[in-house]
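A short write-up of the structure that comes next.
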Amino acid sequence: MRPRLINRWQEMHGSSRHQSHFSFRVFIDGEQLHESEALAFDDLEEVWQEGAMTSAELIRSMYGKIESDLDWRLDVSDASGAVIYQFTFQAKRL
C-alpha cells in the first residue's frame, strides 16, 4: 500500500531527486500542542520513518504520565498542508 502512495506522490510532485518539505504536528485530546518547522526530506520513505520514530520516542517519553482516555496523534503534512500520514495512540480503561 505505501509503495502505491509513494508512486502517486512522486507523480504529483516530481521525482524524489529534490527535497520536499514536511511538518509534524502533535495533538493531545484534539488540541494541537506543537508544530515543527518545515523539515526537508528526499523521499516519502524517509518521511514515514521519521514520523514512526518520532511517534515512538514521544509516546515513550510520556511513560508514567499516560492517563485513561488519552487520545494522542502525530500528523505529518506536506508543503501544501495536506496530512499524508497520521500516527495515533489511545489509552482506555475498560
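The values are calculated or read from the model by the stated rules, or taken from the named source; none is laboratory data. Everything numeric here is computed off the predicted structure, so don't read it as measured data. A quick note on method: Cβ atoms are made from the backbone with ideal geometry, for glycine too, and the neighbour counts reach across all protein chains shown.
Scanning segment 39-94 for residues that are closer than 20 Å to Phe22 by Cα, charged (D, E, K, R) and loosely packed, with under 11 Cβ neighbours inside 10 Å gives a single hit, Glu57.
Among residues of segment 57-85 that are more than 14 Å from Leu44 (Cα to Cα), those with a Cβ under 6 angstrom from a residue that is small (Gly, Ala, Ser), sequence gap 6+ or separate chain, pair up as Ile66/Ala91; Leu70/Ala91; Leu74/Ser55.
To keep it simple, each residue is scored yes or no on (1) more than 15 Å from Tyr85 (Cα to Cα); (2) at pLDDT below 95; (3) basic (Lys, Arg).
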position: Arg4; (1), (2), (3): no, yes, yes
position: Arg8; (1), (2), (3): no, yes, yes
position: Glu11; (1), (2), (3): yes, yes, no
position: Ser16; (1), (2), (3): yes, yes, no
position: Phe22; (1), (2), (3): no, no, no
position: Phe27; (1), (2), (3): no, no, no
position: Asp43; (1), (2), (3): no, yes, no
position: Leu58; (1), (2), (3): yes, yes, no
position: Trp72; (1), (2), (3): no, no, no
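For Ala91, indicate whether it is free of Cβ contacts under 8 Å to residues at least 24 places away in the same chain and not charged (D, E, K, R). So Ala91 fails the test.
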